[in-house]
Amino acid sequence: MENASLNEAAKCLAAAQQLLFLSGAGISAESGVPTFRGKDGLWRNYRAEDLATPEAFARNPALVWEWYNWRKALVAQCQPNAAHFAVVELAKLLPHCLFVTQNVDGLHRAAGLDNVLEMHGNLYRTRCTVCGALEEKREDVTPEVRCTHCGGVPLRPDVVWFGEAIPPTTLKTIYDKLSVADAILVVGTSGTVYPAAGFAVEVRRRGGTVIEINTESPHGHYPRDIFLQGKAGTVLPQLVAQLKSQLQIA
Ligand code: BV8
């Protein structure tokens, strides 16, 4: 990793009064979780946009649950990687940073980042379509599994599907931070899904700095001031080390 950009990014983070962190599927790639738009982003030739919608669930809840059960089983075998643990270190060094993830794999929490905002929900939580009750369910679910609170069916994954709104309180927390953020650190996202893809644009519009970590070279989705090309599992620990020396912490 070129030291100048790493140093510049660490200086920016150290000087920032208000920060936002946003991760996408790329931060979990080294844990073995398939990304959405990478070559392994397919399941039986379906794409996320085909199945992660209320219409798909209404049309064929069994197929949608098959996909989620497959993902739950796959992710259950995955461990947080060095990137997730580096973010836990960042949280200790940057108490004024709001940590947001688009991922539903729960790996930030598994690494110990307790206060991460899972803006698209979580694979292992179900929501009753009748009474709205939330339940942790690590086992397979089918449309016949009844809600333990009201006995209703079907349960759905407690995730935000395409065409569904991000929970308003979540969005308010994020936009409140965006309205004062001096910088945003974006890690492992293709910047194709909104409203998350708009966060960096908003920070830049207000004159803030956009720092991005990605394996792929920048593409047009949004501006970035400092681009750290590489794997999150390699670059984030390096950034933490630089930040510690900027903050004169051993
Ligand atoms: C909404 C949960 C409105 C489900 C997901 C403009 C404004 C508002 C909305 C829209 C808009 N334009 C279009 C829309 C509609 C839509 C949208 O954005 N569509 C896209 C396809 C164009 N947005 C919505 O529908 C959103 N809702 O806006 O509602 C509304 C308001 C009021 C009332 C009603 C409605 C909701 C979107 C949420 C969708 N749910 N997930 C599930 O997972 O099952 S999105 C899904 O994609 C995941 O959460 C995932 O995280 C997310 C984004 O993908 P990425 O994380 O970026 O992953 P990707 O594979 O694309 O990229 C990986 C990146 O990592 C790559 O760049 C790669 O280079 C990099 N990488 C790989 N390996 C590494 C790495 N980087 C570093 N290290 C590595 N090792």
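Structure above, values below:
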read-out: Selection status of Ala29, part of a helix (DSSP H, G or I), among the small types (Gly, Ala, Ser), more than 25 Å from Pro167 (Cα to Cα) and more than 14 Å from the chain's Cα centre (by Cα); value: no
read-out: Verdict on Glu89 being under 18 Å from the mean Cα position of the chain (by Cα), charged (D, E, K, R) and in the same structural domain as Arg206 (by TED's automatic domain parsing); value: yes
read-out: Residue in the stretch 70-84 that is surrounded by 19 or more Cβ atoms within 10 Å (Cβ to Cβ), away from the ligand (no atom under 15 Å from the Cβ) and either modelled with pLDDT of 95 or more or not acidic (Asp, Glu) (or both) present; value: no
read-out: Any hit, the stretch 54-67, residues being outside the structural domain of Pro143 (by TED's automatic domain parsing), within 13 Å of the ligand (Cβ to nearest atom) and either assigned to a strand (DSSP E or B) or buried (at least 20 other Cβ atoms within 10 Å of the Cβ) (or both); value: no
read-out: Sole residue being more than 20 Å from the chain's Cα centre (by Cα), within 16 Å of the ligand (Cβ to nearest atom) and of a type in the set (A, V, I, L, M), chosen from Leu134, Leu178; value: Leu134
read-out: Verdict on Gly112 being on the phi > 0 side of the Ramachandran plot, modelled with pLDDT of 95 or more and within 14 Å of the chain's Cα centre (by Cα); value: no
read-out: Matching option when the condition is among the polar types (S, T, N, Q), modelled with pLDDT of 95 or more and either touching a Ser or Thr at 6+ places or on another chain (Cβ under 7 Å) or under 30 Å from Asn7 (Cα atoms) (or both), among Thr209, Thr170, Thr192, Thr129; value: Thr209
read-out: Considering residues of the stretch 124-152 that are part of a strand (DSSP E or B) and not hydrophobic (A, V, I, L, M, F, W, C) only, the residue surrounded by the most Cβ atoms within 10 Å (Cβ to Cβ); value: Thr126
read-out: Condition check for Leu155: under 27 Å from Asn60 (Cβ atoms) and either open to solvent by less than 50 Å² (accessible area, probe 1.4 Å) or of a type in the set (Asp, Glu) (or both); value: yes
read-out: Residues (open to solvent by 10 Å² or more (accessible area, probe 1.4 Å) and either on the phi > 0 side of the Ramachandran plot or not assigned by TED's automatic domain parsing to the domain that holds Gly230 (or both)) located in the stretch 169-202; value: Gly188
read-out: Residue tally, condition over 19 Å from His108 (Cβ atoms) and surrounded by 19 or more Cβ atoms within 10 Å (Cβ to Cβ), over the stretch 203-221; value: 4
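The values are calculated or read from the model by the stated rules, or taken from the named source; none is laboratory data. Computed from a predicted model, the values in this text were never measured in an experiment. Heads up, the Cβs are rebuilt from the backbone with ideal geometry, glycines too, and the neighbour counts pull from every protein chain shown. Note: accessible area is taken over every heavy atom of the protein model, side chains too, but ligands, DNA and RNA are not part of it. Shrake-Rupley method; radii C 1.70, N 1.55, O 1.52, S 1.80 Å.
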